[in-house]
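Values in this text are rule-based calculations from the coordinates and carry no lab data. Note that this is a predicted model, so its numbers are computed, not measured. Positions of Cβ are generated from backbone atoms using ideal geometry, with glycine treated the same way; all protein chains shown enter the neighbour counts.
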Amino acid sequence: MEKGNFRRHRRLRRSDSMRSLVRETYLHKEDLIYPIFAVEEDNVKREIASMPGVYHYSLDRLNEEVREVVDLGIQSIMMFGVPDHKDAVGSEAYCDTGIVQRAIKQIKEEFPDLTVIADTCLCQYTDHGHCGVIEDGYVQNDQSLDLLTQTAVSQAKAGADMIAPSNMMDGFVSAIRKGLDEAGFVDVPIMSYAVKFSSAFYGPFRDAAHSTPQFGDRKTYQMDPANRLEAIREAESDIEEGADFLMVKPALAYLDIIRELKDRFPLPMVAYNVSGEYAMIKAASQNGWLNEEEVVLEKLTSMKRAGADLIITYFAKDAARMLNQ
Ligand code: PBG
């Protein structure tokens, strides 16, 4: 080719300052949501084996962790409860004095400005580990909706600023919206886990939340990783039912879905950077095989580039520290 008869893309990459002039995507601390696990017992700060750097906290230690999160400039947390008592119908999930309700209440008392999102599901609370009620070996949709609605309402009563239903029952958004409205929580938004794939990347979370299904798997309610059009249908119905946010979960293996939904629907888009994605990077960097800081920033930036407005991530504190530097 004749000299100069081509485009010189490298002109815009010559210096740090030139590169920052043309940078298209930024990660902000305000984009990050940090998941926290509350457990019963006293004086517990216990590292989760498959998630180095992530801990179980008992209520008397919980606010220490939240203080750290708030001091780093993170605006929002996702609250998970890990109860001692489990039964067939997940009673502790919708008990006003359940672990997650007490956790939310005490956090909001000390940190009224922090946005506390409640994960709304039954799997940590059921003895069979499924996200709904079982009959004839099958997770029953409509019966589960009543319990999920009760769970959401009790979380809102405890002070949750937002409800994030992760159970993948059909109709969960409209059921929960109706329940919240009737209980007077018209201003509590729903962040729907609209597109949640049945993924092997949830493994470490299930260790953390003690929520592994005791029989079968979640394939009759969570989505097949092979499907794109079905993801659009799931998102569509959640929007019709009144979702305020759409979530895609996991994030890394599903960036195409994030982009697709972001292009189609005008709702804030949330990516859940799940436990297995966290564990992979931690393990590789502990072996010296990856540079953790660089990989974390690259990965979170890629989720934003794909169209995520917000990212739920166990790396939130690490990323906030890096962004603060
Ligand atoms: C509960 C729930 C799960 C996750 C968030 N909420 C687990 C599951 O569906 O099995 C996974 C989060 C993660 O892996 O980080 N239904």
Distant alpha-carbon pairs in segment 178-325 (separation over 23 angstrom), percent: 43 percent
Pair D136, I232: separation of 7 Å Cα→Cβ label points (nm): 3.4 nm
Unsatisfied cross-links (Cα-Cα over 22 Å) in the set K29/K249; K29/K304; K178/K249; K249/K299; K157/K178: K178/K249
Hydrodynamic radius by Kirkwood, which averages 1/r over all alpha carbon pairs of segment 34-190, in angstrom: 15.8 Å
Extension gain from A283 to D71, taking 0.36 nm per residue of separation minus the Cα-Cα distance: 73.6 nm
Using alpha carbons only: equivalent-ellipsoid semi-axes of segment 245-321, gyration tensor based, whole Å: 24, 11, 10
Coil-residue chymotrypsin sites (Phe, Trp or Tyr not before Pro) of segment 236-325, DSSP, other Cβ within 10 Å capped at 12: W289
Value at 222 nm in deg cm²/dmol, rounded to 500, when DSSP H runs of n ≥ 4 in the chain each add -39,500 (n - 2.57): -12000 deg cm²/dmol
Per-residue Cβ neighbour rank within 10 angstrom, fewest leading, D16, D238: D16, D238
For the chain, the longest site-free run once trypsin sites (Lys or Arg not before Pro) in DSSP loop states with at most 15 other Cβ atoms within 10 Å are removed: 24-218
Exposure proxy order (Cβ contacts within 10 Å, fewest to most) of T149, T115, T97: T97, T115, T149
Paramagnetic reach from L290 in segment 27-57 [backbone N under 17 Å; point 7 Å along Cα→Cβ]: 50-54
Gain in span if fully extended, S20 to D96, counting 0.36 nm per residue against the direct Cα distance: 22.4 nm
Rounded, prolate or oblate (a/c below 1.5 giving rounded, otherwise prolate when a/b exceeds b/c) for the chain by Cα gyration tensor: prolate
Sites E30 and D84, calculated FRET efficiency, Cβ-Cβ separation with R0 30 Å, nearest 0.05: 0.30
Ranked E293, E110, E92, criterion: other C-beta atoms within 10 Å, fewest first: E110, E293, E92
Distance between segment 16-51 and segment 277-292 - C-alpha centres, whole angstrom: 15 Å
Extension gain, Q325 back to N43 (0.36 nm per residue minus Cα-Cα distance, nm): 98.3 nm
